[in-house]
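The values are calculated or read from the model by the stated rules, or taken from the named source; none is laboratory data. Predicted, not measured: the structure shown is a model, and the values here were computed from it. Cβ: placed from backbone, ideal geometry, glycine included. Neighbour counts: every protein chain shown. Side chains are part of the model used for accessible areas, which takes the heavy atoms of the whole protein and leaves out ligands, DNA and RNA. Shrake-Rupley method; radii C 1.70, N 1.55, O 1.52, S 1.80 Å.
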Amino acid sequence: MAQSLEEQIATVERSLGERMITHALAILRVWMNELGEANQFEKFFLDTQQEYQELFDRWVSADDEGIDKELDRLTGNTYVLADVVYAAIRLKRGLSPIMHGFNADNLQSVMHYFSNQVHPNENDLDWLSNIIRDPSRGATALMAVSAISQGLRQCFSKDSILTLIDGINNGSDVIAEQCLSNVILLLAHYDVRIDFFPDLQNAFANAIAEMNDDGEQAFQTLCSLVLATNDEWLKNLTVKELRADDMPQELHTLLEQTGEDSSMSGIQSIITNSEKEYMRSIIDILPDTWVFSVIVGESYERQNRMALTYLTVGRMDMMWDNIELASRWLLEHLRKGANSPKDYINYGHCMLLQGDRVMAVENYRQARQLCKSSKEFFNLFRPDRKALVDHGVPIEQVYLIEDQLLKN
């Protein structure tokens, strides 16, 4: 059975992530055949294919320290080719609308255009860059930045991301924050390919350095993105935290037009309802991404703060790397009451890894009592088997614990 377009682009991403250019080109050849013989990408394709063959021939014939660097560059070029051909296929199949311009004075038109534009042109990006710098057009810039970021999730554009990076230090506070947030999400989303675009890496690192705060604002934004996946945290956001005073009046007008109230809760609704699921998927992979390592770095203090941020929203992603910190936080959390079975299981894990088997089993039993059935308990407990074993608990001990809890 032929692969769907989604499966094909996923194969291209995986192949190029491993620098297997021939595998990616095979799919691009199929797409280009669909576009027809007169398609504009043919020369780019043939040149890439020839360069790769020549690079392989060099590797076969002699040792060359520059081959690895050239292979990275060629992989990046193939990504660019894949992006433009993929965008053309989406247009041809009607998966993305063909855009014919927008009304720059209408926020809805700006949002529709940039969220659907599969391959922004130079004029679009020049307009966006200029409007980010225009304090009188703050709401339009905010809508355009949000919209183009959504479009970039479907079709990558290095120039578009560079424009957003430029906006980190060249817009109002609220626009700069929006650019920073979306750039972080996009760099995490495209983490595997970012290694093949050093100009993007350098631009982002330079933008953070220009803030002259040792990356603190970027770190706080990173924490906020994690926190924003938690409903309770969003409900408790204060107007000050969302910088209501910095929000342009034009944005409040848009909220009224869309049926939302013009308070900050209305802004939360527009921004978070469409983003929450996407952001949760990003938060899953975030600790392993390049952008995370750049912002958090080797700072022990920031690593702890980020671990606490994950714990605050009920995510144990970083618990295993800092058991002592996690156990202190979980103990305080348990003392506050209204605890879930997973809270007791996680604290039990911490106790087990710190050698306190009595307290570990007691907390597992507390969790089991809160569950309606043993099946419910083991659905929560068993996914952690591998992590327990990886951190030094013999698998036989894990089975022993499960056996004892099964009969309770």
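So Gln117 ticks every box in (1) of a type outside the set (A, V, I, L, M); (2) under 28 Å from Gly17 (Cα atoms); (3) under 18 Å from the mean Cα position of the chain (by Cα) but one. Which box is left unticked?
So Gln117 meets the others, but not (3).
Quick check: anything in the range 123-145 out of contact with any Lys or Arg (no Cβ under 6 Å at 6 or more places or on another chain), within 20 Å of Ile295 (Cβ to Cβ) and either open to solvent by 20 Å² or more (accessible area, probe 1.4 Å) or hydroxyl-bearing (Ser, Thr, Tyr) (or both)?
Pass one, the range 123-145, residues out of contact with any Lys or Arg (no Cβ under 6 Å at 6 or more places or on another chain): 123-130, 132-145.
Next, from what is left, pick out any that are within 20 Å of Ile295 (Cβ to Cβ): 145.
Filter again for either open to solvent by 20 Å² or more (accessible area, probe 1.4 Å) or hydroxyl-bearing (Ser, Thr, Tyr) (or both), leaving none.
No; the residues of the range 123-145 include none that is out of contact with any Lys or Arg (no Cβ under 6 Å at 6 or more places or on another chain), within 20 Å of Ile295 (Cβ to Cβ) and either open to solvent by 20 Å² or more (accessible area, probe 1.4 Å) or hydroxyl-bearing (Ser, Thr, Tyr) (or both).
Looking at Asn116, is it open to solvent by 40 Å² or more (accessible area, probe 1.4 Å), among the polar types (S, T, N, Q) and more than 30 Å from Asn33 (Cβ to Cβ)?
Details: open to solvent by 40 Å² or more (accessible area, probe 1.4 Å): yes; among the polar types (S, T, N, Q): yes; more than 30 Å from Asn33 (Cβ to Cβ): no.
Here the answer is no, as Asn116 does not meet what is asked.
Can you name every residue in the range 68-112 that is outside any helix (DSSP H, G or I), of a type in the set (Gly, Ala, Ser) and over 24 Å from the mean Cα position of the chain (by Cα)?
Let us first name the residues in the range 68-112 that are outside any helix (DSSP H, G or I), namely 93-106.
Keeping just the survivors that are of a type in the set (Gly, Ala, Ser) gives 94, 96, 101, 104.
Matches in the range 68-112: Gly94, Gly101, Ala104.
For Leu406, state whether it is crowded, with 16+ Cβ neighbours inside 10 Å, closer than 24 Å to Leu334 by Cα and either out of contact with any helix residue (DSSP H, G or I) (no Cβ under 8 Å at 6 or more places or on another chain) or of a type outside the set (Lys, Arg) (or both).
Numbers: crowded, with 16+ Cβ neighbours inside 10 Å: no; closer than 24 Å to Leu334 by Cα: yes; either out of contact with any helix residue (DSSP H, G or I) (no Cβ under 8 Å at 6 or more places or on another chain) or of a type outside the set (Lys, Arg) (or both): yes.
Considered against the rule, which asks whether it is crowded, with 16+ Cβ neighbours inside 10 Å, closer than 24 Å to Leu334 by Cα and either out of contact with any helix residue (DSSP H, G or I) (no Cβ under 8 Å at 6 or more places or on another chain) or of a type outside the set (Lys, Arg) (or both), Leu406 comes out as no.
Which pairs do you get when a residue that is β-branched (Val, Ile, Thr), found in the range 38-64, comes within reach of a residue that is open to solvent by less than 90 Å² (accessible area, probe 1.4 Å), reach meaning Cβ atoms under 9 angstrom, with the pair 6+ apart or on two chains?
As it stands, the answer is Thr48/Ile21; Thr48/Leu25; Thr48/Leu28; Thr48/Leu74; Thr48/Asn77; Thr48/Thr78; Thr48/Leu81, since those pairs meet every condition given.
Taking Ile345, is it within 18 Å of Val389 (Cβ to Cβ), surrounded by 18 or more Cβ atoms within 10 Å (Cβ to Cβ) and hydrophobic (A, V, I, L, M, F, W, C)?
Details: within 18 Å of Val389 (Cβ to Cβ): yes; surrounded by 18 or more Cβ atoms within 10 Å (Cβ to Cβ): yes; hydrophobic (A, V, I, L, M, F, W, C): yes.
Spelling it out, Ile345 is indeed within 18 Å of Val389 (Cβ to Cβ), surrounded by 18 or more Cβ atoms within 10 Å (Cβ to Cβ) and hydrophobic (A, V, I, L, M, F, W, C).
Out of the residues in the range 312-342 that are open to solvent by less than 40 Å² (accessible area, probe 1.4 Å) and more than 26 Å from Cys371 (Cα to Cα), state the one that is modelled with the highest pLDDT.
Checked the range 312-342; the qualifying residue modelled with the highest pLDDT is Leu325.
Tell me, which helices (runs of 4 or more DSSP H) wholly within the range 356-404 include 2 or more residues that are of a type outside the set (Lys, Arg) and touching a Pro at 6+ places or on another chain (Cβ under 9 Å)?
Working: elements: 357-370, 374-381, 385-390.
The qualifying helices (runs of 4 or more DSSP H) are 357-370, 374-381.
At pLDDT below 95 and open to solvent by less than 10 Å² (accessible area, probe 1.4 Å): is that true of Val226 in this structure? Before you say what the answer is, go through the steps one by one.
Numbers: at pLDDT below 95: yes; open to solvent by less than 10 Å² (accessible area, probe 1.4 Å): yes.
Spelling it out, Val226 is indeed at pLDDT below 95 and open to solvent by less than 10 Å² (accessible area, probe 1.4 Å).
Considering only the range 298-311, I want to know if a residue exists there that is open to solvent by 30 Å² or more (accessible area, probe 1.4 Å), in a helix (DSSP H, G or I) and either in contact (Cβ under 8 Å) with a residue 24 or more places away in the chain or closer than 20 Å to Asp191 by Cβ (or both).
yes
Is the range 102-112 home to any residue that is open to solvent by less than 60 Å² (accessible area, probe 1.4 Å), under 27 Å from Asn39 (Cβ atoms) and hydroxyl-bearing (Ser, Thr, Tyr)?
no
Find all pairs meeting these conditions: Cβ atoms under 8 angstrom apart; at least six residues apart or on different chains; first residue within the range 280-296 and surrounded by fewer than 15 Cβ atoms within 10 Å (Cβ to Cβ); second residue charged (D, E, K, R) and in a helix (DSSP H, G or I).
Ile285/Asp191; Asp288/Asp191
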